[in-house]
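Report on the structure given below.
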Amino acid sequence: MANLFEAAGLEKEAPRPLADQLRPRRLGEVVGQEHVLGPQGPLGRMLSEGRLASLVLWGPPGCGKTTIARLLAHETKLHFEPLSAVFSGVADLRKVFDAAKRRRQTGQGTLLFVDEIHRFNRAQQDGFLPYVEDGTVILVGATTENPSFELNAALLSRSQVLVLNRLGDEALEELLRRSEVAIGHPLPLEPDARHALKALADGDGRYLLNLVEELARLKGAPLDTAALAAAVQRRAPLYDKSQEGHYNLISALHKSLRGSDVDAALYWFARMLDGGEDPRYIARRLTRFAVEDVGMADPSALPHAVAGWETYERLGSPEGELALAQVVVQLATAPKSNAVYKAYGAARAAAKETGSLMPPKHILNAPTRMMKDLGYSKGYAYDHDADEAFSGQNYFPDGMPRRSLYRPSPRGAEAEIGRRLKHWSELRARRSDEDA
């Protein structure tokens, strides 16, 4: 029976968002994902062979995950069953699987599309396994989170993970051209503002088309960049302090510092702040970098990192962020060495290997007569009384061969440290020969 809207002829006139109007009707119309959909891409090869495996589509918002899933069902003539992990539970899944079984008995397959699949807990994810295993459903999950963190291993082993890209400039420009055809006139933007509009979208095609809808209603002269910023709302950066984006950006900052790229380091530092990261977390990681990657090549790096941290604690945001920016610059431009980091790791390994060996008696204190009688502190040479304040005695446990743990780099302050260690090593060898 027709509803009232159909009877009145109003259903066709119901407004549809521009993003929905421009949703591709064929896989060939999808932009920005040629590496997956092209003839040599995994989906292109599957479709040319007339098969479709269960998939996990991993990519940022607005890159086409839902559209691709819907079109895959159309291309393979499977029933498309959409489900949102946010609003669905075990009862909903049971209904879907029962319906898929009935369809299968009539020769109709089912493509089960689960949006935000990472929202399902491990037990719910396990519920998919038998139905994916026996082919009751072809599962296509969509997620913005790293599947290796959010999905269980059993489900991943039965699915192929495809990484979808954020839309690049060329793909976004194609969406703008299509939208201008749909609205019937060019967007009222100067060339620089058109470029800024794509930058505002930040790789999200759906968000770009929503911006176009706002701009399409404007009348008057074309907007410049400043007028565009006033006319539309800036998109919040893609950044989740507890998920992969957080770890990606801190990794980018750390590696830019290690690579002595001060400009890139400042950029990633600003990206983290812009995304809402706690500056204290960044301060802690900068301090860690000072000891791990600069070390004794510039011993001042650590106190400067701590000072920047303390300055932020006293000033807060935004003033204190400048102190952290200064630390970023100092660490990026400092000479680099991980010699202490490696030496510490080697020392830990040696300690585990030889953890029960006693120190040599000559370096043990002898506060009692009995300890003196046992030879404690006997033969100890007070280094300040030796030539060059260096006695050359052995300080490793008896029976443990001497190990070279700290090997300073030839950079920064460590170059001089290396020269001193070499000189002491020669003195030690010479005095050892004299004692022999």
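The values are calculated or read from the model by the stated rules, or taken from the named source; none is laboratory data. Everything quoted here is computed from the prediction, not taken from an experiment. A quick note on method: Cβ atoms are made from the backbone with ideal geometry, for glycine too, and the neighbour counts reach across all protein chains shown. Note: areas computed on protein heavy atoms with side chains; ligands, DNA, RNA excluded. Shrake-Rupley method; radii C 1.70, N 1.55, O 1.52, S 1.80 Å.
Brief remarks follow.
- Spin-label model, Arg94 to Asn248: label points 7 Å out along the Cα-to-beta-carbon direction sit 3.8 nm apart.
- Among (i) -0.62; (ii) -0.70; (iii) -0.84, the entry that matches log10 I(q)/I(0) by the Debye sum over Cα atoms at q = 0.09 Å⁻¹ as calculated here: (iii)
- Ile183 contributes an accessible area of around 50 Å² to the protein surface, as traced by a 1.4 Å probe with all chains present.
- Full-stretch length increase - Arg419, Asp263 - with 0.36 nm per residue and alpha-carbon distance subtracted: 52.8 nm
- Of the chymotrypsin sites (Phe, Trp or Tyr not before Pro) found in region 355-394, those in coil by DSSP whose Cβ has at most 11 other Cβ atoms within 10 Å are Tyr382.
- Three-way shape call for region 131-269 based on the alpha-carbon gyration tensor, with the a/c threshold at 1.5: oblate
- Each label point was placed 7 Å from the Cα along the Cα-to-Cβ direction; for Ser356 and Leu129 their separation is 4.3 nm.
- For region 28-84, GluC sites (Glu not before Pro) meeting the loop criterion (DSSP other than H, G, I, E, B) and having at most 12 other Cβ atoms within 10 Å: Glu49.
- Carbon and sulfur %, accessible surface of region 345-405 computed with the full protein complex present, 1.4 Å: 54 percent
- Neighbour cut-off at most 15 other Cβ (10 Å), DSSP loop, trypsin sites (Lys or Arg not before Pro), region 142-238: Arg158, Arg217, Lys219, Arg234
- Near Leu176, once Lys and Arg are set to +1 and Asp and Glu to -1 for all other residues with Cβ below 12 Å from its Cβ, the sum equals -1.
- Nearest 10 degrees, 0 to 90: helix 279-289 Cα axis against the chain principal axis: 50 degrees
- Rounded to the nearest 20 debye, dipole of the chain from Cβ charges on Lys, Arg, Asp, Glu: 1180 debye
- Helix 65-76 vs. the chain, principal-axis angle (Cα, 0 to 90°, nearest 10): 60 degrees
- With respect to the chain, whose longest principal axis is taken over its alpha-carbon atoms, helix 339-353 is tilted by about 70°.
- Computed over the chain: relative contact order in percent, which uses C-alpha pairs under 8 Å that are six or more apart: 11 percent
- For Glu414, Glu150, the ranking by accessible surface with the largest value first comes to Glu150, Glu414, using a 1.4 Å probe.
- Per-atom-type breakdown for region 109-203 gives carbon and sulfur 51% of the accessible area (1.4 Å probe, protein chains only).
- Net charge contributed by nearby residues that have their C-beta within less than 15 Å of Asn121 (K/R +1, D/E -1): -3
- Gyration tensor (alpha-carbon) shape descriptor, region 325-436, a/c threshold 1.5: prolate
- Taking all protein chains into account, the per residue accessible area for the chain stands at 57 Å² (1.4 Å probe).
- Entries in Lys198/Lys219; Lys255/Lys342; Lys77/Lys101; Lys65/Lys101; Lys352/Lys378; Lys352/Lys372 that, when Cα-Cα distance is taken, lie over 22 Å: Lys65/Lys101; Lys352/Lys378; Lys352/Lys372
- Region 1-149 shape via C-alpha gyration tensor axes, a/c threshold 1.5: rounded
- Charge-dipole axis of the chain as Lys and Arg at +1 and Asp and Glu at -1 on Cβ define it, positive-most pick from Pro130, Leu208, Ala85: Pro130
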